[in-house]
Amino acid sequence: RLAMDNEEWVTVDAEGNVEREQAQQFLTGRTKDLCPNATEATGFVPASVCAAYGAPDLGKAPIQLLISVHLLSFYQGLGASLPVMAFFTALARCFDVLSDPLMANVSDATTSKYGRRRPYIFCGGFVYGIIFICLTSPPVSGDAAGLWFGVFYVLFFLADTLANVPHNALGQEVTTNASERRKVFMVAKVFEGFGTLLAAIAPAALSIALKPACPLPTFCSEDPTVDCHSLSEGDCGDYLRCLFTHPDTNPPSPSFCQDRCVVEEAKCGDAYTYSDKQAMMIVGLMFGLWVMASMVLCVFVVKEKGARSNTPRVSAEFSVDQAAQAPENAAANRPPTKVEETLPNFIAMMKNQPFRAMVVPWVLDQTLAAMVATMLPFFVTYVVAPERFCVRDPVIPETHFICSDLNVLSVGLVGLLVAAIAAMPLWYTIARRFGDYKAWLAFNFLNAITNILLLFPGYYWEDRVTLVIVTCIFAALNGLPMGAKFLTDNILGMVIDYDELRRGVRTEAAFTMFSGFIPKVVSVPAAAFPLSILAAIGFKAPAPPNGEPNLYQPEKVTWGIRIMFAVVPTFLALLSCYLKATRFPFKDLGVADAEIKAGLLLRRQGRAYLDPLSRKFVLPAPPPRQEWLRSITLLDHFTGPNVIIATLEESPADRGSWLRRRATKQLIAAAVCTGVALTGTAVTISLGMLQNRAWGWVPSILVILTGLGVLAVLVAWLRRRAAQALCELNLSDELLKNVLAERSLVPESEIPRPDVSNAFELVSAVASLEANAWEIIHDPRRATMPAGNPAGVALTSAQARGVSAPPRTL
């Protein structure tokens, strides 16, 4: 074969060892530089590292499930108002809109000898655990319990941001190998699955175990023959059913003579409430201590490279010393601040086309999950309706296991979670065999099929035992696609690698932040709208004082529950599958991975690389001068080449003025919209909508819109601030033309032909190396000798473990 180097024909051997050795050195050096937890030769991650990273997941998402399923009803039992708790839930989401992106930027920009993630994980783990323990151990009841919930709920989600945004980003730094990265995230999801199972059953199981025996006197089952409250003190003791009590007894009463059965029932209720509080406190301690211990374990076991900066390299033509000698340009010569880098980093992330293609399906998947979780109790209670079909002839005793909606719900939920955990190794095998992308699509399609099955069960089935069994089986089948959630994280890792190829820097937290941010923001409207629709079509709320459900709902209500529990999620799953199939550009992730890594090597050398998305060659722009770095960062607040062209057309003295005017208009518009949302929140609360079960979602949604408005104001303010700074700088033609060139593609005809040839050779070399190492793992007899091994010793299975499955033929 012939390869071109510096426009000279150079003969190389038939193995193409020039490109192969370059690729081998680059892959080894990249793993050594970015991923100290993985072996340099193959990117293999030990099981201890996988377990240490995944262990905190047992208490991350499961804690949020515990809050939504058990903690809200627990606080409601203490006397807290449900609409008030919904308001504080929305308020916490409002803070998340601001805190999550800010924490992602802070973590990505950190330069510490301990790393960019571990300091926050270490400190945040303790704060997270302690606040959750406080949240599950309220010392008060009534309205004060609602206030306690609100304060610690908001603090809890701020602590969640502090600890979990860096932890999610750390997972993308464990290895650069796609197959090993898939394994890391699968182990984390296994921990999450067991944590979710524990969060679902532990509160109820502990409450039952801690409840004391509380038998009532036998005569309490009979109709009372006397009104104890009408008796005088002297007559009260003449009746066995009546009891003379003091005014400070519980329950309080203006009468000294009370019904003994009522008093005993109240005492039992107090004892049961105390056991519920004990159970919730124990669960809070279990999860809180686990999070603190596992976060510390993660910090000490999972290594991280320290003192790494994401600042792009700059040209040495103009040094810092030279900049100091030009006081008139002091503002331009100083490096950009962290505040000035925040918005450009976010804009650059949103210009990543594969990431944009993931966002909408991500939102749809999380909306689907939130709707199913919200409507599941309604489906079991009012559509399957065990307590309703048991009174149908022939009557089944109410003590029978299938006559309790709580029993049916518990069995179905456990089956769903167990199936999800059991399906994870299966999805891992499918992804390794057919590729992550095809498995990613299959998970959505299977989700649609399993969801629509739930349209058919109903209390009208003749065979009631079969109804319960089929419902539980369908619930377990819905757990199968849940086992593939780790595929999204693995695909996101490749999107982060592609962003590094585009920009030359890695900002993992800016991307992984969405894995926690989207579910938190989507969960409120996804839960509120179905409940509001049910109220609008005539849902009969549980009757006071005991809150017993009204099992005989109108037919349109039961069909409304069916549609929102089965039909709408099926539609969302199919829409998500369609968007992934049509919008996500990387269809063969093995090929894309090889092209990205080859491109990173060429970019490091300053040579043209093949963009795996556009299929065009890109010539990296030369590094900017030191004195230009702040000006370029400020210009990056505004996207597109047209902005630079318009600035070039201005006179040198007025450059930046029109950007300032445009940013000012955007700031005013964002402030007006935020003011409208804030005013709407205040008005709806003052009208009592927060206490209205049918309209309580309105102020909650307005609070979230207010948070989004505040975020829009912040973005517009950062742009206005950048435009003002640009007006004070000297924007030369040379600087603006350099930025314009960076934002414009270089015609392929201007790229040296040797660079084009070398790009294809390196892609083939990277693919060959990964395929060879993959074969060493799974079939060492088929593997060929890797380059750069003159001793002739093949890599051992342990050395080669973890290389991605061989991509298809290029």
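The values are calculated or read from the model by the stated rules, or taken from the named source; none is laboratory data. Just so we're clear, the structure is a prediction, and the values are computed from it rather than from any experiment. Here Cβ is always computed from backbone atoms with ideal geometry, including for glycine, and neighbour counts include all displayed protein chains. For the accessible areas, the whole protein counts, side chains as well, though only heavy atoms, and no ligand, DNA or RNA atoms are used. Shrake-Rupley method; radii C 1.70, N 1.55, O 1.52, S 1.80 Å.
Observations on the model:
- Which numbered condition LYS540 misses (of (1) charged (D, E, K, R); (2) more than 27 Å from the chain's Cα centre (by Cα); (3) assigned to a helix (DSSP H, G or I)): (3)
- Selection status of ALA422, under 23 Å from the mean Cα position of the chain (by Cα), closer than 20 Å to TRP362 by Cα and open to solvent by 20 Å² or more (accessible area, probe 1.4 Å): no
- Identification of helices (runs of 4 or more DSSP H) wholly contained in region 290-381 with 2 or more residues that are at pLDDT 80 or above yields 338-350, 353-378.
- Long-range neighbours under 7 Å by Cβ, at least six apart or interchain, first residue under 15 Å from ILE632 (Cβ atoms) within region 713-741, second of a type in the set (Val, Ile, Thr) and crowded, with 20+ Cβ neighbours inside 10 Å: LEU731/THR647; LEU736/ILE644; LEU736/THR647; VAL739/ILE644; LEU740/ILE644
- Every residue from region 422-440 that is touching a residue at least 24 places away in the same chain (Cβ under 8 Å) and either on the phi > 0 side of the Ramachandran plot or among the hydroxyl-bearing types (Ser, Thr, Tyr) (or both): TYR428, GLY435, TYR437
- VAL408 falls short on exactly one of the conditions (1) over 14 Å from VAL380 (Cα atoms); (2) open to solvent by less than 10 Å² (accessible area, probe 1.4 Å), and that condition is (1).
- Selection count, region 11-54, where residues are open to solvent by 60 Å² or more (accessible area, probe 1.4 Å) and either among the β-branched types (Val, Ile, Thr) or modelled with pLDDT of 85 or more (or both): 4
- Options PRO36, PRO46, PRO56; residue that is of a type outside the set (A, V, I, L, M, F, W, C) and in contact with an Asp or Glu (Cβ under 9 Å, 6 or more places away or on another chain): PRO36
- The residue that is nearest to MET494 (Cα to Cα), among those in region 166-178 that are open to solvent by 10 Å² or more (accessible area, probe 1.4 Å) and assigned to a helix (DSSP H, G or I), is ALA178.
- Whichever residue in region 217-235 is part of a loop (DSSP other than H, G, I, E, B) and either over 55 Å from the mean Cα position of the chain (by Cα) or modelled with pLDDT under 70 (or both) and, among such residues, is surrounded by the most Cβ atoms within 10 Å (Cβ to Cβ): LEU231
- Top-ranked residue in region 236-268 [being open to solvent by 30 Å² or more (accessible area, probe 1.4 Å) and among the acidic types (Asp, Glu); ranked as modelled with the lowest pLDDT]: ASP248
- From the options GLY79, GLY124, residue that is modelled with pLDDT of 75 or more, in a loop (DSSP other than H, G, I, E, B) and small (Gly, Ala, Ser): GLY79
- Pick from region 485-530, criterion of a type in the set (Asp, Glu) and touching a Gly at 6+ places or on another chain (Cβ under 9 Å), ranking: surrounded by the most Cβ atoms within 10 Å (Cβ to Cβ): GLU508
- In this structure, GLN691 does not qualify as surrounded by fewer than 17 Cβ atoms within 10 Å (Cβ to Cβ), modelled with pLDDT of 85 or more and either polar (S, T, N, Q) or closer than 23 Å to GLN626 by Cβ (or both).
To keep it simple, each residue is scored yes or no on (1) farther than 30 Å from LEU480 by Cα; (2) touching a residue at least 24 places away in the same chain (Cβ under 8 Å); (3) touching a Leu at 6+ places or on another chain (Cβ under 8 Å).
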| position | (1), (2), (3) |
| --- | --- |
| PRO139 | yes, no, no |
| GLY142 | yes, yes, yes |
| GLY146 | yes, yes, no |
| ALA169 | no, yes, no |
| GLN172 | no, yes, yes |
| SER179 | no, yes, no |
| VAL184 | no, yes, no |
| ALA188 | no, yes, no |
| GLU192 | no, yes, yes |
